[in-house]
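What follows is a single structure, written as structure tokens, with notes after it.
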């Protein structure tokens with residue numbers, strides 16, 4: 001019989017090797033499972049809404065989706081409208097499902113068509129379906145092109161206005177502070193002693209009073225030099241800008257001056273709100289939309305919608 005010269009490692013070495021290989025494969029399988037689950041979750045958020053509605057990938061699928069969700073009553077009501085009234089439509093709840101998530105493939109589709117906001121996307125979906133019901137042709141390329149040209153012209157005009165406003169030390173005859181410290185000096189000049197004492201000694205929320213005045217009059221919505229001061233410090237929203245002014249001013253009145261970086265680190269982004277009846281500026285009514293939306297989620301049908309007197313489409 002032929003002798004085998006092959007080397008056979010001892011049993012304990014083979015055991016260690018098998019255990020290592022087993023644990024290694026276990027880790028690989030866990031990683032692959034995690035990657036698979038994550039990819040499935042991401043694909044679902046792209047194609048399926050939180051409430052289980054399939055998200056269309058283009059306008060053609062929107063038409064099919066609305067046609068299956070609209071009852072005959074809703075279709076008949078839509079057909080009676082004038083085309084200029086379509087922009088005033090509200091209460092088409094399926095739009096929340098289709099466009100609510102930033103990962104929505106439909107939202108990405110419309111962004112490729114140069115639409116930036118959900119209300120614009122909703123309008124062109126509703127307009128195309130209106131045209132489908134009334135004419136059988138839902139092509140909206142002409143209206144979409146006219147709209148994007150108009151928006152581009154508005155953007156260009158705003159850009160030129162921003163370039164001009166950034167260089168001005170006043171807008172509409174109101175002096176614009178150049179930075180935080182300058183804003184404290186101006187508030188000291190503008191406010192009464194009683195209000196300054198209140199800001200200094202009390203915990204109060206001025207977002208919808210003094211904060212509103214700051215946002216509107218110091219050009220935080222209109223590219224003022226104070227706006228650009230905040231932008232250069234990575235503060236991008238006027239609400240956050242006015243909030244920082246007010247918080248910093250409170251410290252200023254208490255003989256402490258923080259830089260903008262110190263303010264961001266040492267204080268919360270949201271002003272504390274006094275929890276008393278007098279501090280409530282607006283109490284929203286019970287919204288009927290909640291009940292109607294829940295009904296839509298249960299039935300998956302739209303039997304009616306509203307036509308308001310307000311629109312953001314120009």
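The values are calculated or read from the model by the stated rules, or taken from the named source; none is laboratory data. Here the structure is a predicted model, which means the values were calculated and not measured. When we count neighbours, we look across all protein chains shown, and the Cβ atoms used for this are built from the backbone with ideal geometry, even at glycine.
What the table below lists for this structure:
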quantity: Which listed residue is more than 26 Å from the chain's Cα centre (by Cα), farther than 26 Å from residue 241 by Cα and in contact (Cβ under 8 Å) with a residue 12 or more places away in the chain, from 130, 150; calculated: 130
quantity: Scope the stretch 156-190; condition part of a helix (DSSP H, G or I) and more than 27 Å from residue 264 (Cβ to Cβ); matching residues; calculated: 156, 157, 158, 159, 160, 161, 163, 164
quantity: Counted residues, the stretch 203-226 - those being without any contact (Cβ under 8 Å) to a residue 24 or more places away in the chain and either surrounded by 16 or more Cβ atoms within 10 Å (Cβ to Cβ) or touching a strand residue (DSSP E or B) at 6+ places or on another chain (Cβ under 6 Å) (or both); calculated: 1
quantity: Subset tally (residues that are farther than 21 Å from residue 147 by Cα and either part of a strand (DSSP E or B) or free of Cβ contacts under 8 Å to residues at least 12 places away in the same chain (or both)) for the stretch 63-96; calculated: 6
quantity: Qualifying residue in the stretch 262-269 (condition: touching a helix residue (DSSP H, G or I) at 6+ places or on another chain (Cβ under 8 Å), modelled with pLDDT of 50 or more and either surrounded by fewer than 15 Cβ atoms within 10 Å (Cβ to Cβ) or assigned to a loop (DSSP other than H, G, I, E, B) (or both)); calculated: yes
quantity: Any hit, the stretch 158-180, residues being under 30 Å from residue 79 (Cα atoms) and outside the structural domain of residue 256 (by TED's automatic domain parsing); calculated: no
quantity: Condition check for residue 256: in contact (Cβ under 8 Å) with a residue 12 or more places away in the chain and either surrounded by 17 or more Cβ atoms within 10 Å (Cβ to Cβ) or assigned to a loop (DSSP other than H, G, I, E, B) (or both); calculated: no
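Conditions (1) modelled with pLDDT under 95; (2) surrounded by fewer than 17 Cβ atoms within 10 Å (Cβ to Cβ); (3) more than 19 Å from residue 143 (Cα to Cα), marked per residue:
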{"residue": "58", "(1), (2), (3)": "no, yes, no"}
{"residue": "62", "(1), (2), (3)": "no, no, no"}
{"residue": "65", "(1), (2), (3)": "no, no, yes"}
{"residue": "74", "(1), (2), (3)": "no, no, yes"}
{"residue": "94", "(1), (2), (3)": "no, no, yes"}
{"residue": "100", "(1), (2), (3)": "yes, yes, yes"}
